[in-house]
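Just below is one structure, and these are the notes that go with it.
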Amino acid sequence: MMRLGILTLNGYTNYGNVLQNLALQSYLAGQGHDVETIWYSPLPPTRSKLEILKSHMTIHSILQAINNKVNVRRNRLKNNMTSARVIHFKKFCQTNINYSPIRLNDNNIQDPALLKRIDDTFDAFFSGSDQVWGLYGNRVLTAYFLPFVPSSKRNSFAASFGFSQIPNSNLESTYRNGLREMNCISVRELEGADIVKSVAGISPTTLLDPTLLLSSERWHQIASRPDMNLPSRYLLTYFLGESNEQQLKFVQKVADSSGAKIIRLNDLSDENAYGIAPDNFVYLFEHATYVITDSFHGAVFSIIFKRDFFVTSRHGGVDMSSRLTTLLKRMALDDRLVSSIDGFDVSLIHAHIDYSTSSKVIADNKLQANKFISEALHGIEI
């Protein structure tokens, strides 16, 4: 048995962050290891005075400021409902995720005494999954390259950049130095593999998101019915971007054609569903008749439970199209991407998804993951 550490994105509002952390921890523990997640708190992103001035001068920012004043009540409601979600998240995480008593931040990450304690405590580390190698404001969080332990202990599991190419050439040396000091690298997307290869000259392993390492039966054990009235047939929507008129029109079209009631996750108009815990989130996906989402993990949990689902383009927020497109193509489910709502073939609503290819892809990925973990931990003396 080895003592393994995980460093990933932390927080109490994002379902995907928490559930991928739980999945990787559970998978490694299932292989007989003692696994802990270290909570890392980076300093808030900073912007130059020029950037701040420019942002205040844009038409969008002016309209946004006006909109914020008009929607004071809505913002207050969102804050209250987010607070309720945080409470549910904390309870779930404290029960299900094994956090280390060691906490990292940008101030103590170079403390010699703390570094020795970490090195003495853990035999190896995994950074990931999720967008650990993305940008935080305008900087790279180098902590996710695990510089606080020797290179032989630095591994990544299905790490993601969140973009298809490094947006600023000045950052390439930071990525190159961090990647070249890693022991074993696996990334989540093919675009991420291309970045690693071009910047660091390393060919990484490409693995699926760790949530796909756990079986639907294991997720069923984690799931818990939310305290809300659920119809026997429901259409679950989960949008991280701003819903636009076309999206809402499509949701209504599927609901009308299927006769399913609509439950809206992450939507202030559905107060009962907005603040639910991660185990309730899993339950709603497991029992949905249909799912419509613009979320990567929304698509993942639809696939895990073999739901009939559709993916729409995201409006506002971070663009997820490349990650979703890669996932759907790999699973032979690219027909689930709704590119044109007006031209959508309504008959698809009643055509159940063939999951035979995706089931094989998931099974093969587990074999790859086992091989990768064995290689990453090979030669470690305990």
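The numbers here are math on the coordinates, done by the rules we state, and not lab data. Values in this document were obtained by computation on a predicted structure and should not be read as measured data. Virtual Cβ from ideal backbone geometry, glycine too; neighbours counted across all protein chains shown.
Quick notes on this one:
- In this label model, L114 and N80 are separated by 3.8 nm, measuring between points 7 Å along each Cα→Cβ vector.
- Positive-pole candidate from T326, S232, I362, dipole of the chain, charges at beta carbon: S232
- A Cβ-based charge dipole, computed about the Cα centre of the stretch 142-237 with Lys and Arg at +1 and Asp and Glu at -1, lands at about 180 debye.
- Gain on full stretching of the segment that runs from I102 to H378 - 0.36 nm per residue minus C-alpha separation: 96.8 nm
- Within the chain, the longest run free of trypsin sites (Lys or Arg not before Pro) that sit in a DSSP loop with at most 16 other Cβ atoms within 10 Å is 48-232.
- When each of I349, I202, I185 is scored by the number of other beta-carbon atoms lying within 10 Å, the sequence from fewest to most is I202, I349, I185.
- Student exercise, the chain dipole from Lys, Arg, Asp, Glu Cβ charges, in Debye to nearest 20: 780 debye
- Highest-fluctuation residue, N105, N170, N80 considered, GNM on the chain with Cα pairs under 10 Å: N170
- Residue (of A255, I6, N272) at the positive-pole extreme of the chain, dipole from beta-carbon charges: N272
- Shape of the stretch 255-313, Cα gyration tensor, a/c cut at 1.5: rounded
- Using the empirical formula 2.2 N^0.38 Å as the baseline, the Cα radius of gyration of the stretch 223-351 reaches a ratio of 0.98.
- Inter-label distance for S41 and N138, nm, one decimal - labels placed 7 Å from Cα along Cα-to-Cβ: 2.6 nm
- Residues I87, I353 arranged by fewest to most Cβ contacts within 10 Å: I87, I353
- Dipole magnitude of the stretch 223-351, debye to nearest 20 (Cβ charges: Lys/Arg +1, Asp/Glu -1, about Cα centre): 360 debye
- Unit charges at the beta carbon, dipole of the chain: most positive-side option, F344, L104, F296: L104
- Radius ratio Rg over Rh of the chain, counting only Cα atoms, Kirkwood formula for Rh: 0.96
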